[in-house]
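Working notes, beginning with the structure itself.
Rule-based calculations on the coordinates, nothing more; no lab input. The structure presented is a predicted model; accordingly, all values stated were derived computationally and were not measured. Every residue, glycine among them, receives a Cβ derived from its backbone with ideal geometry; neighbour counts consider all protein chains shown.
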């Protein structure tokens, strides 16, 4: 195979697989395979620099993020820089970092010196265009989203700022300027931004450092095999494990009040795809279709320019990517040519639903749910709506389940 500059993610995935095979063969230094592995490594690195190129963090944001990552508080940072007043002024951007501070912070927090030497962001990170009062602070606090130590004596705005600082090495206003594709109701925007941030924070705890997502690895065949897990009682948790092996993180986080959020697909700062599901409904078909819908976004739509897709119920969304995700999610479970010729669609009888589900090795509620949606008649085939409660599978308590 002739080596060329990588143009797309499929070529990247193929070369990455080839690099793994060569590395496992442990080629002799100077051999043809060793030289080929070296060239492939350079090609992969160049493509990754383009594919996963993210804005460098500023010093203060990097410090806040690292403190949260290590489970450290402001009082711990005070010990590093010498006093509580100095720590407070540094984190509030009222005092610059001295050479001695940079050296100490680098040694104790292991933050690269080149980041600490950088210039803090100014104009686009002051948050003057953010209405902090619109965030559901009381609900966020009730759910334990805020750091207990940082929450004491802090105002609503300060709490929310510190919360968003944990989501990435970017400041809250920068994160809040990201476009959430699918959000059309302004009154829900702040709650949904908070929910997205919460999902990203939780996703970092679930990441396996040794597993890296390979663009192009979520293939149509993988999705079809994933669909068959719907027949198993443990299918939802097994699906989460399979996705983790692919470097895709699944987070279950109940929606916030007054939002009708079903789920979202997003790219984390390092290029890791994250799927968040709310489980507003506990039905089997609802879980699997929403999961598949978000996976289509991961497979086809997530880019640095379109890094977050949010799916709310009852939205009149004309985005072609949402329509494509709906169509391909349905196709992964029941191919269109099989669906149109099926007795289940023609007769809408229970025995036909079970027969089609058995032939495709999927859960019968998925077949019944599709009939209900396409006919807009939820009074038929109701016998398939009971049974397994997906919220129980993920231990979602009634207190978290707020409509």
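Normalised size of segment 58-113, defined as Cα radius of gyration per 2.2 N^0.38 Å with N residues, equals 0.97. Taking a quarter of the surface of the Cα convex hull of segment 204-393 gives a mean projected area of 11.1 nm². Using a cutoff of 8 angstrom between alpha carbon atoms and counting only pairs six or more residues apart, the relative contact order for segment 274-403 works out to 32 percent.
For the pair residue 83 and residue 132, a Förster radius of 30 Å applied to the C-beta separation gives a FRET efficiency near 0.60, rounded to the nearest 0.05.
The length gained by stretching the chain between residue 233 and residue 303 to full extension, at 0.36 nm per residue less their Cα-Cα distance, is 21.8 nm.
Go ahead and run the numbers for FRET between residue 4 and residue 114, Cβ-Cβ distance against an R0 of 30 Å, rounding to 0.05. It comes to 0.40.
Computed from the C-beta positions of residue 338 and residue 69, the FRET efficiency with R₀ = 45 Å rounds to 0.40. With a/c under 1.5 counting as rounded, go ahead and sort segment 224-316 into rounded, prolate or oblate using the C-alpha gyration tensor (a ≥ b ≥ c being the square roots of the eigenvalues; past the cut-off, prolate if a/b is larger than b/c, else oblate). It comes out oblate by the Cα gyration axes.
The value for segment 9-51 of Rg(Cα) / (2.2 N^0.38 Å) is 1.15. Here the residues 297, 363, 337, ranked from fewest to most Cβ neighbours within 10 Å of their Cβ, fall in the order 337, 363, 297.
For segment 334-375, the relative contact order is 29 percent, taking Cα pairs closer than 8 Å that sit 6 or more residues apart in sequence and dividing their mean separation by the residue count.
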